[in-house]
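A.B. asks: Could you have a look at this structure, given as structure tokens, before my questions?
The values are calculated or read from the model by the stated rules, or taken from the named source; none is laboratory data. If you're wondering where the values come from, they're calculated on a predicted model, not measured in any experiment. In this analysis, Cβ positions are derived from the backbone assuming ideal geometry, glycine residues included, and neighbour counts consider all displayed protein chains.
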């Protein structure tokens, strides 16, 4: 394919595309440029399809090298290692957008997106997503249509919308309690921008006229389907009417090819074809009838698998303060989904430094981490590092809760929430939002309102669609959308929408937003009935004392080579953070130590001529005594200033460690000072 360049002028920028200029051994490559931001998207795939799957074996990798912003990586190792959380989140953004558009193609596919040059005013992941769409569409891989994405930012929210010419494929949203109509308006505006970029991709595709490979096909023997219907259809229906996940799985586990062979043998129906059937073919038949019967039950019988109404939430149980030592904890159970959220309060030094393609280092004082151990779904397998899914779910819940976290001026703590999934049957990320909010109040964090989350599912049939509130795992697996919405009583704080369709319409989106609002309000009411305001801080949480000093006094607090501040910390067992503007934050395990450290610092910073102190004698000489009036502040009280008449030898009157009231007589230009007792 020839090297070609294309350019699209938008309202506020120009997008440039270079096709197959770099990475020429890939199936296709696209460089997308905007300003000084250059992003490469490449697509490769295996020569032969896999024969053991019925889904798209797609992997997406996204990489940001620090050279792109003219920086050398921090830390001891000066090269990039495993993907950062932010790189994984951006890779998932691309993956979730394009995956539903690649259907019935079972070759291994790898999308690799790399940022070569950055621009502080550009979002490279958005350019990477657009480049990925074009690279897939000009490659031999069969794909439904091009897709585009836009990041829409205001002071109050950040929206990423992916869409084709006609439908919405992916939403990622973070906001400060935004109402549904304001969000819906922003989505429509983003959609119109996407449409221009998508239409431009169509023009490029028409010019290049790429040759496409055929889609993959899987042959399912008709005879196997007949046997499945004859022997297993009733058990399949029974499983779909079983509300308990364990019982349902027990029934579904009976539906195996081996059991089918056994039943046909017992009924003398064994044929030559029976030995040719594979477990993979059987699994496809099983999934086909599970989805078919599920849709029939939903659309025709108007019945869910656990007999709930379409807009009904599973029973909720809440416990707070269940762990004796941590600073705050909550156990949130919704049906057979259970999450334990735990809060830890730390100091400023506990903040997480984030290094990415920004001009300055960033520090996070609020973190949410999500863990999904195998036992939560009854599996026996080893535990490894957090998966991409765990990182993505943790970030979603973090965005949802961040909107209500108090400012550092109001609550000068670093806050970490950990959500441990103990049982999973649908929407554990939204349970983590609820559990995290409850645990924050239990820890005494002054959040202004609770945050709750809910997942809305979707099933379609012909021109009909039905939304399902609070989907459980089975409905998620066979459903066609997972629409996660979190927010407060005042508005939405986070959204993550994925679909298995080519996209959803505005009607579906609008209905889903308001269905989620209805469910969110119900959950919030239950949460408020359990805990409606923050509790007092745990006795094991650090105590904070804040004082403001003259910035010019900071060197006095620190002292030569840090000796003064080290001595204060050693004597009071506290942690001290000093900011450039003179704010001093003291963290202590008890108020007594914090107050003592505060007094020591105040003595240092209030150091001035004429001020009276109670000091301690540290050294005695014939001509006078040296008195310590504050940490790092020792002055001379000459015998002539002792106000005790003539003193031939101070050693005969004063002793080391004696306490004595003194006044600063004079401070010289080097900070040295003399003391007096005259006039006291």
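A.B. asks: Out of 238, 226, I need the residue that is assigned by TED's automatic domain parsing to the domain that holds residue 249 and without any contact (Cβ under 8 Å) to a residue 12 or more places away in the chain. Which one? Before the answer, list the steps.
C.D. replies: On the way: 238 fails: without any contact (Cβ under 8 Å) to a residue 12 or more places away in the chain.
Criteria check complete, one pass: 226.
Let's see how each residue does on (1) within 25 Å of residue 167 (Cα to Cα); (2) at pLDDT 95 or above; (3) in contact with a strand residue (DSSP E or B) (Cβ under 8 Å, 6 or more places away or on another chain); (4) assigned by TED's automatic domain parsing to the domain that holds residue 134:
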position: 13; (1), (2), (3), (4): yes, no, yes, yes
position: 49; (1), (2), (3), (4): no, no, no, yes
position: 77; (1), (2), (3), (4): no, no, no, yes
position: 89; (1), (2), (3), (4): yes, yes, no, yes
position: 92; (1), (2), (3), (4): yes, yes, yes, yes
position: 95; (1), (2), (3), (4): yes, yes, yes, yes
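A.B. asks: In segment 579-595, which residue that is surrounded by fewer than 18 Cβ atoms within 10 Å (Cβ to Cβ) and in contact (Cβ under 8 Å) with a residue 24 or more places away in the chain is nearest to residue 655 (Cα to Cα)?
C.D. replies: Step one: filter segment 579-595 for residues surrounded by fewer than 18 Cβ atoms within 10 Å (Cβ to Cβ), giving 579-583, 589-592, 595.
Now drop any that are not in contact (Cβ under 8 Å) with a residue 24 or more places away in the chain, which leaves 580-583, 589-591, 595.
Working: 580: 40, 581: 41, 582: 37, 583: 38, 589: 35, 590: 33, 591: 33, 595: 29 Å.
Across segment 579-595, the extreme among qualifying residues is 595.
A.B. asks: May I pose another question? Any chance segment 406-421 includes a residue that's in contact with a helix residue (DSSP H, G or I) (Cβ under 7 Å, 6 or more places away or on another chain), within 14 Å of residue 339 (Cα to Cα) and either at pLDDT below 95 or in a helix (DSSP H, G or I) (or both)?
C.D. replies: no
A.B. asks: Out of 81, 74, 35, which single residue is over 28 Å from the mean Cα position of the chain (by Cα) and farther than 23 Å from residue 136 by Cβ? Outline the logic, then answer.
C.D. replies: On the way: 81 fails: over 28 Å from the mean Cα position of the chain (by Cα); 74 fails: over 28 Å from the mean Cα position of the chain (by Cα).
Checking each option against the conditions leaves just 35.
A.B. asks: Filter segment 119-142 down to the residues that are surrounded by fewer than 21 Cβ atoms within 10 Å (Cβ to Cβ) and within 23 Å of residue 49 (Cβ to Cβ) and list them by number.
C.D. replies: Across segment 119-142, the qualifying residues are 140, 142.
A.B. asks: Find the residue count for segment 267-291, including only residues that are surrounded by 12 or more Cβ atoms within 10 Å (Cβ to Cβ) and not in a helix (DSSP H, G or I).
C.D. replies: 4
A.B. asks: Okay, next question. Quick check on segment 119-131. Is at least one of its residues assigned to a strand (DSSP E or B), under 26 Å from residue 6 (Cβ atoms) and assigned by TED's automatic domain parsing to the domain that holds residue 9?
C.D. replies: First pass over segment 119-131, keeping only residues assigned to a strand (DSSP E or B): none.
Scanning segment 119-131 turns up no residue that is assigned to a strand (DSSP E or B), under 26 Å from residue 6 (Cβ atoms) and assigned by TED's automatic domain parsing to the domain that holds residue 9.
A.B. asks: Any idea which residue in segment 70-118 is surrounded by the most Cβ atoms within 10 Å (Cβ to Cβ), counting only those that are in contact with a helix residue (DSSP H, G or I) (Cβ under 8 Å, 6 or more places away or on another chain) and part of a loop (DSSP other than H, G, I, E, B)?
C.D. replies: Only one residue fits best here, namely 118.
A.B. asks: Looking only at segment 463-503, count how many residues are more than 23 Å from residue 54 (Cβ to Cβ) and in a strand (DSSP E or B). It would help to see each step written out before you state the result.
C.D. replies: Just the residues of segment 463-503 that are more than 23 Å from residue 54 (Cβ to Cβ), to begin with: 463-470, 483-497.
Pick out the ones that are also in a strand (DSSP E or B) and you get 464-469, 483-487, 492-497.
Of the residues in that region, 17 qualify.
A.B. asks: Counting only residues that are more than 30 Å from residue 190 (Cα to Cα) and at pLDDT below 95, which one in segment 24-47 is surrounded by the fewest Cβ atoms within 10 Å (Cβ to Cβ)?
C.D. replies: Residue satisfying both the conditions and the ranking: 47.
A.B. asks: Still on this structure, I have one more. Let me confirm something: among 236, 264, 198, which residue is at pLDDT 95 or above, surrounded by 15 or more Cβ atoms within 10 Å (Cβ to Cβ) and not in a loop (DSSP other than H, G, I, E, B)?
C.D. replies: Working: 236 fails: at pLDDT 95 or above; 264 fails: at pLDDT 95 or above.
Step by step, each of 236, 264, 198 is checked, and only 198 is at pLDDT 95 or above, surrounded by 15 or more Cβ atoms within 10 Å (Cβ to Cβ) and not in a loop (DSSP other than H, G, I, E, B).
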